[in-house]
Amino acid sequence: MKWLEIIKLRTAGNRDALLDEFLRSLVESGKSRELVEMKTYHHAALENDVSVHLHWESDRPEQNGTELGLHLAQALKEFGLIDHSIWIEDGK
């Protein structure tokens, strides 16, 4: 089953260099057997909105988030407000 874990971050102001470095290190270090891909995005109009997408493939999704996702969400709280959600790919 393919599923997606999304961690959205809204920072209070402009993104700083520390956050950008942290996000770069996430992508480089996020390796797991079931983790297919990890990408970061920023909002097209609001540079202070950032989204980390963890693409997973496993027998079933972690409904409350993976250990990695929960750790990332907790670490990103230092930079602003967090929204953490799990999405299952439709089999259409």
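The values are calculated or read from the model by the stated rules, or taken from the named source; none is laboratory data. All values reported here derive from a predicted model rather than from experimental measurement. Methodologically, a virtual Cβ is constructed for each residue, glycine included, from the backbone with ideal geometry; neighbour enumeration extends over all protein chains shown.
Remarks
- For the stretch 1-33, the set of residues classified as surrounded by 13 or more Cβ atoms within 10 Å (Cβ to Cβ), among the hydrophobic types (A, V, I, L, M, F, W, C) and modelled with pLDDT of 75 or more consists of W3, L4, I6, I7, L9, listed by residue number.
- Residue in the stretch 71-79 that is part of a strand (DSSP E or B), in contact with a Lys or Arg (Cβ under 9 Å, 6 or more places away or on another chain) and either modelled with pLDDT of 80 or more or aromatic (F, W, Y) (or both) present: no
- Looking only at the stretch 34-53, and only at residues there that are out of contact with any Ser or Thr (no Cβ under 7 Å at 6 or more places or on another chain) and under 16 Å from M1 (Cβ atoms), the one that is surrounded by the fewest Cβ atoms within 10 Å (Cβ to Cβ): E37
- Within the stretch 67-92, considering residues that are in contact with a strand residue (DSSP E or B) (Cβ under 6 Å, 6 or more places away or on another chain) and surrounded by 18 or more Cβ atoms within 10 Å (Cβ to Cβ), the one nearest to T11 (Cα to Cα): F79
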